[in-house]
């Protein structure tokens, strides 16, 4: 599969400028030309381009007004903007930069300069995305970390509240993992955690399902819009899949292989429900599962 090209939104009310820039950049980038500011705002929110090249002087809505609106919208404020301008005063440039533009391209265009400035900005964008991605991944297992879990949990909980959908959450604990480390060593323990994480990630059914390393030998499963019975069946399967790995654990007090305990719950939250109450309930259910280990316990949560 070919690597997806970065998407650039080019905004200019003059057809010649749009054609010139599109032809100049089309081989390396996915180009979307736009001729007015209002359409730019709509496309920016729906397409979320990697870069917007924005003309300053346009009828109806000039570039300064457009960039103010872009930066005021949480969905588009992160999109970098390069201004196109025939204005050459320091005050004009200062105004654009103060509003959030990262660079200027002056008219008439010099093809080499346009390419260099676009490339420089997009290299910064790719670097930022890489840093953000790494910051949200667990260094050992490669799955999302606690920070990513916190972000996803809050956003999915809010979505469930708005839509009146069921919301399921589970906490997973590797049984007697300290004894495993004491018996086989931390290198073997790290490898075991990687295998558990890979297995949990592999059995996720939908793109919205989410697994994260919660900390130590604990994992979390976020299962948006998954009703009680489906969530219960899913975590039962998760327990079986870990058993099927047949990773030796002679020190375990339940089996001679690595097993997991899972506690979880389903809620149909409303705006009156509190996320902290729900996660606290799930934590209590995990402790119930750990009383005998190698099993899952599921419950339906009702707000106290």
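No lab work stands behind these numbers, since they all come straight from the coordinates. Keep in mind that what you see is a predicted model, and the values were worked out from it rather than measured. Don't worry about glycine lacking a Cβ; one is built from the backbone with ideal geometry, like all the others, and counts go over all protein chains shown.
Note on the stretch 135-189 and the stretch 13-62: Cα centroid distance 41 Å, given to the nearest whole angstrom. Rounded to whole Å, give me the distance from the Cα center of the stretch 253-304 to that of the stretch 194-226. Measuring centre to centre over Cα atoms gives 15 Å. Using a cutoff of 8 angstrom between alpha carbon atoms and counting only pairs six or more residues apart, the relative contact order for the stretch 67-156 works out to 20 percent. Projecting label points 7 angstrom from Cα along Cα→Cβ for residue 38 and residue 251 puts them 6.9 nm apart.
Ordered by the count of other Cβ atoms within 10 Å of each Cβ, fewest first, 10, 31, 113 give 113, 31, 10.
Between helix 37-47 and the chain there is an angle of about 30 degrees, using the helix long axis and the longest principal axis of the Cα atoms.
For the chain, DSSP calls about 50 percent of its internal beta bridges antiparallel. Against the main long axis of the alpha-carbon atoms of the chain, helix 111-135 sits at an angle near 20°. The largest-to-smallest principal axis extents of the Cα set in the chain are 76, 44, 33 Å. Note on the stretch 146-300: Rg/Rh from Cα positions, Kirkwood definition for Rh, rounded to two decimals, is 0.98.
Ordered by the number of other Cβ atoms lying within 10 Å of each residue's own Cβ, fewest first, 16, 210 fall into the sequence 16, 210. For 218, 45, 94, the sequence from fewest to most other C-beta atoms within 10 Å is 94, 45, 218. What residue among 225, 119, 294 has the largest mean-square fluctuation in a Gaussian network model of the chain, using Cα springs under 10 Å? Comparing 225, 119, 294 in a Gaussian network model of the chain, the most mobile one is 119.
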